[in-house]
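Visitor: Handing you a structure now.
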Amino acid sequence: MIHFRLLHRLAALMGFTMFNPALASNGLEVEVGAYFASAGTSIEVYDPFHNKFIDLSFESELNLPDREILPYFDLEYRFKDNHQVYFDWRKLDRLGHQAYVARPFQLKINNSIYTIGGEADLDTTLNIDIMRLGYGYRFFQSEKLDVHFLSGFHVTHLKFGMSGKIDVDFDKTPLAKGEVGSAQFDTGVTAPLPNVGFLIEHRIRNDILLKSHVHAFYMSYGEISGWMYELEMAARYYITKDFSVTSSFNYYDLGVGYEAEHTQLKVDYRFFGPMIKFAYNF
């Protein structure tokens with residue numbers, strides 16, 4: 001009986017040792033997933049009737065969908081125990097059609113003033129790619145808890161276009177009369193913006209890891225300005241030592257502004273919701 005108990009404890013100890021994923025193990029990790037996001041997006045436009053700038057909602061006023069499933073991809077490489085580099089990407093492409101625009105508005109794109117309102121029969125395209133590239137350093141470590149400092153870049157590529165019955169003014173004066181008819185425009189901007197943040201990892205059980213990270217930045221440089229607040233709270237379950245599944249809640253508030261002599265564009269993009277991710281460590 002004593003030998004049986006010793007063998008049982010030894011087997012349990014060996015299982016714990018073999019399946020004991022470290023909080024920050026070295027190696028390459030690949031993670032893919034889906035983000036079930038609720039989106040709220042606005043753009044700053046000019047109101048010609050009240051002579052002021054207003055925020056126009058893409059969802060409620062231009063009929064873009066407010067719920068989408070976003071693809072997610074992440075690469076993370078940890079080395080020398082305390083160091084890591086990471087890259088992740090997510091994408092949201094949306095199309096909307098609006099037969100009638102209740103609030104007329106104006107946009108300045110490529111030296112032209114576009115006036116949209118009334119029976120515009122308007123098609124709107126808004127595509128956003130968000131890439132995060134950075135470096136992390138673990139500055140605190142204990143048996144159950146790790147804390148990392150993160151720094152890097154969020155690279156946001158935004159493509160925006162409209163087509164329909166649009167009044168086009170080839171004059172820089174907002175209220176100038178122009179040509180009325182079927183027209184379209186496309187514009188885009190790529191903004192590489194620095195960020196800083198923290199990653200916290202807490203192992204509550206041998207096969208369960210709680211993770212959370214926060215990022216923030218604000219920058220204004222020349223013609224481009226941008227801001228971002230990102231928060232993630234996640235729980236990871238290790239199916240095996242190297243394969244895991246993660247459930248998380250994410251919140252983003254991202255803004256990009258571009259002001260030049262020929263174009264004025266300011267978009268605020270917020271999305272939040274649950275995410276499911278699968279990861280494998282090589």
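Visitor: Excluding ligands and nucleic acids, what accessible area in Å² is computed for residue 165 using a 1.4 Å probe, to the nearest 10?
Guide: It works out to around 120 Å².
Visitor: Excluding residues on the same chain fewer than 8 positions from residue 108, give the aspartates and glutamates whose Cα lies under 13 Å from its Cα.
Guide: Cα-Cα hits under 13 Å: 44, 47, 167, 169, 171, 186, 259, 261.
Visitor: Right, another one. Using a Förster distance of 45 angstrom, determine the FRET efficiency expected from the C-beta separation of residue 245 and residue 159, and round it to 0.05. Don't skip to the end; give the middle numbers.
Guide: Values: r = 33 Å, r/R0 = 0.73.
For R0 = 45 Å, the calculated efficiency reads 0.85.
Visitor: May I ask you to rank 267, 32, 245 by accessible area, largest first, using a 1.4 Å probe over the protein chains only? Intermediate values should be presented prior to the final figure.
Guide: Values: 267 5, 32 70, 245 35 Å².
Greatest to least solvent exposure: 32, 245, 267.
Visitor: Report the label-to-label distance for residue 200 and residue 147 in nanometres (one decimal), using points 7 Å from each Cα along the Cα→Cβ vector.
Guide: 0.8
Visitor: Still on this model: What full-extension length gain, to one decimal in nm, is calculated for residue 93 and residue 47 as 0.36 nm per residue of separation minus the Cα-Cα distance?
Guide: 13.9 nm
Visitor: Let me ask another. Rounded to the nearest 0.05, what FRET efficiency is calculated for residue 276 and residue 133 with R0 set to 22 Å and r the Cβ-Cβ distance? Before the final figure, lay out the partial values.
Guide: On the way: r = 23 Å, r/R0 = 1.06.
E between residue 276 and residue 133, to the nearest 0.05, is 0.40.
Visitor: Just read off the accessible area of residue 115 with the full protein assembly in place, 1.4 Å probe, to the nearest 10 Å².
Guide: Per-residue accessible area (residue 115): approximately 30 Å².
Visitor: In terms of Cα to Cα distance under 17 Å, which lysines are near enough to residue 91, apart from those fewer than 8 places away along the same chain?
Guide: The qualifying lysines are 159, 277.
Visitor: Show which aspartates and glutamates lie in cross-link reach of residue 144 when reach means a straight Cα distance below 13 angstrom and same-chain residues fewer than eight apart are skipped.
Guide: Straight-distance partners of residue 144: 201, 207.
Visitor: Net charge near residue 100, counting Lys/Arg +1 and Asp/Glu -1 over other residues with Cβ under 9 Å of its Cβ?
Guide: Result for the neighbourhood of residue 100: -2.
The values are calculated or read from the model by the stated rules, or taken from the named source; none is laboratory data. Note that the coordinates shown come from a computational prediction; the quantities given were computed from them, not determined experimentally. Counting neighbours? That spans all protein chains shown, and the Cβs are built from the backbone with ideal geometry, glycine included. To get the accessible areas, we keep the full protein, side chains included, count just its heavy atoms, and leave off ligands, DNA and RNA. Shrake-Rupley method; radii C 1.70, N 1.55, O 1.52, S 1.80 Å.
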